[in-house]
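These notes are about the structure you will find just below.
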Amino acid sequence: MDAATKQHLKRYWNLGDVKAHPLAKNYTLTIACRIFLDVEDQDIIAKLEKPIQQISNGFVALPINLPGTIYSHAVRASNQLRKDVGQIIKQRRMSINSENREPPKQDLVSRMLMETYTDGQLMDDSDIANQIFGLLIGAFDTTNSTLVSIREMPQVYDGILRGGPRMCLGKEYARLKILIFLHNFVTKFRWEKVFPEEKIVYDPLLKPIRDFIFAFILLIHDRLAGPNM
């Protein structure tokens, strides 16, 4: 996770103006794909990000499945995401079967492909895809909203993940991901808001009020270069 975070910062968080909100979303999905699917290809990650974003938008939409509605787009996106994830799982199983060996245990899919039901049968690909589908969706907006809060509302640190160990099954995963990002970010960069008065709203999670224009733009400096850079 630390190596993936360093790679993401080096690739996307360049000095100067950066749009922090979409980058935070891409970061959370990149880490999830690495941990859950062992996928590092940015083209594949970008392909998964579009339907995930549409599904996220559909969470608070009116449940009217008519062409052109946000809900309709979300339904189609969920079907597409299941198809894409299922294809990744199918290819992984074929690779494992062809090599006739235990898969590496660094990612969740490889572990699940070796799991069995109570009757001794291997888990079905569709069941694995549904599990991964839920994890990718659950890991997308919540963590990136927390990361966006680091500059606007530092007081949120006091309340992060204090619901107790049974409130969120992904608590430790989210905690570790946020801590690793913050450690790498604050030790490498200094930053300031380009638009200090930019507002953040709940929709239903935290996002810049004019996301399509500003997307929470930060001016990033190299911390080692000193305050005059």
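The values are calculated or read from the model by the stated rules, or taken from the named source; none is laboratory data. Bear in mind that the values here come from a model prediction, so they are computed numbers and not experimental data. No Cβ is skipped: glycine too gets one built from the backbone with ideal geometry, and neighbour counts run over all protein chains shown.
Quick rundown of the values:
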item	result
Region 79-100, residues that are basic (Lys, Arg) and either surrounded by fewer than 16 Cβ atoms within 10 Å (Cβ to Cβ) or touching a strand residue (DSSP E or B) at 6+ places or on another chain (Cβ under 7 Å) (or both)	Lys83, Lys90
Helices (runs of 4 or more DSSP H) wholly inside region 1-78 containing at least 1 residues that are surrounded by fewer than 16 Cβ atoms within 10 Å (Cβ to Cβ)	2-12, 42-58
Residues of region 119-138 satisfying the condition of being of a type in the set (S, T, N, Q) and free of Cβ contacts under 8 Å to residues at least 12 places away in the same chain	Gln121
Those residues of region 34-81 which are hydrophobic (A, V, I, L, M, F, W, C) and in contact (Cβ under 8 Å) with a residue 24 or more places away in the chain, in sequence order	Ile35, Phe36, Leu37, Val39, Ile44, Leu48, Ile52, Ile55, Phe59, Val60, Ala77, Leu81
Residue that is modelled with pLDDT of 85 or more, surrounded by fewer than 18 Cβ atoms within 10 Å (Cβ to Cβ), more than 19 Å from Tyr27 (Cβ to Cβ) and not basic (Lys, Arg), where the choices are Gln155, Gln131	Gln131
Residues of region 184-229 classified as modelled with pLDDT under 65, more than 22 Å from the chain's Cα centre (by Cα) and farther than 21 Å from Arg11 by Cα, total	3
Flag for Phe181 being among the aromatic types (Phe, Trp, Tyr) and at pLDDT below 80	no
From Ser72, Ser56, residue being among the hydroxyl-bearing types (Ser, Thr, Tyr) and under 13 Å from the mean Cα position of the chain (by Cα)	Ser56
So Val39, is it within 22 Å of Lys177 (Cβ to Cβ), of a type in the set (Val, Ile, Thr) and in contact with a Cys (Cβ under 7 Å, 6 or more places away or on another chain)	yes
